[in-house]
Amino acid sequence: REAASAITLLKAWRPLLPGTLFGELLQLQVLPRLQEQLSSWQPRSEPHSMPHEWLLPWLDVLAPPGLEPLFPQIRHKLGTA
């Protein structure tokens, strides 16, 4: 959930990597890890840790559709809280 270093690194790599490779890196490495964090997030026991605090910084790096693939999981977690 501490993503500042990773985001900084990815921003530095973006101009150096071909677009398809950078996109694959995000799809195969970043999004699955964000999904893992969402899976382990317990809204009832962690009310001080809201997902927007640790997901929104990734919008600077993720290409469209951005965080949209995570929306169903977020809605489910909040709906069962």
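The values are calculated or read from the model by the stated rules, or taken from the named source; none is laboratory data. What you are looking at is a predicted structure, and each value in this text was computed from that prediction instead of being measured. All Cβ positions, even for glycine, are placed from backbone atoms using ideal geometry, and neighbour counts span all protein chains on display. Side chains are part of the model used for accessible areas, which takes the heavy atoms of the whole protein and leaves out ligands, DNA and RNA. Shrake-Rupley method; radii C 1.70, N 1.55, O 1.52, S 1.80 Å.
Out of region 1-27, which residues are among the aliphatic types (A, V, I, L, M), loosely packed, with under 12 Cβ neighbours inside 10 Å and either under 12 Å from the mean Cα position of the chain (by Cα) or closer than 16 Å to Leu56 by Cα (or both)?
Ala4 - this is the single residue of region 1-27 that is among the aliphatic types (A, V, I, L, M), loosely packed, with under 12 Cβ neighbours inside 10 Å and either under 12 Å from the mean Cα position of the chain (by Cα) or closer than 16 Å to Leu56 by Cα (or both).
Scan region 37-51 and tell me whether some residue there is within 27 Å of Gly19 (Cα to Cα) and free of Cβ contacts under 8 Å to residues at least 24 places away in the same chain.
There is no residue in region 37-51 that is within 27 Å of Gly19 (Cα to Cα) and free of Cβ contacts under 8 Å to residues at least 24 places away in the same chain.
Do any residues in region 1-24 that are of a type in the set (Asp, Glu) have Cβ atoms under 9 Å from those of residues that are part of a helix (DSSP H, G or I), where the two are at least six apart or on different chains, and which pairs are they?
Glu2/Trp54
Look at region 32-76 and say how many of its residues are over 20 Å from Lys11 (Cα atoms) and aromatic (Phe, Trp, Tyr).
Final tally of qualifying residues: 2.
Scan region 35-45 for residues that are open to solvent by less than 40 Å² (accessible area, probe 1.4 Å) and either of a type outside the set (A, V, I, L, M) or at pLDDT 95 or above (or both) and jot them down.
Trp41, Pro43
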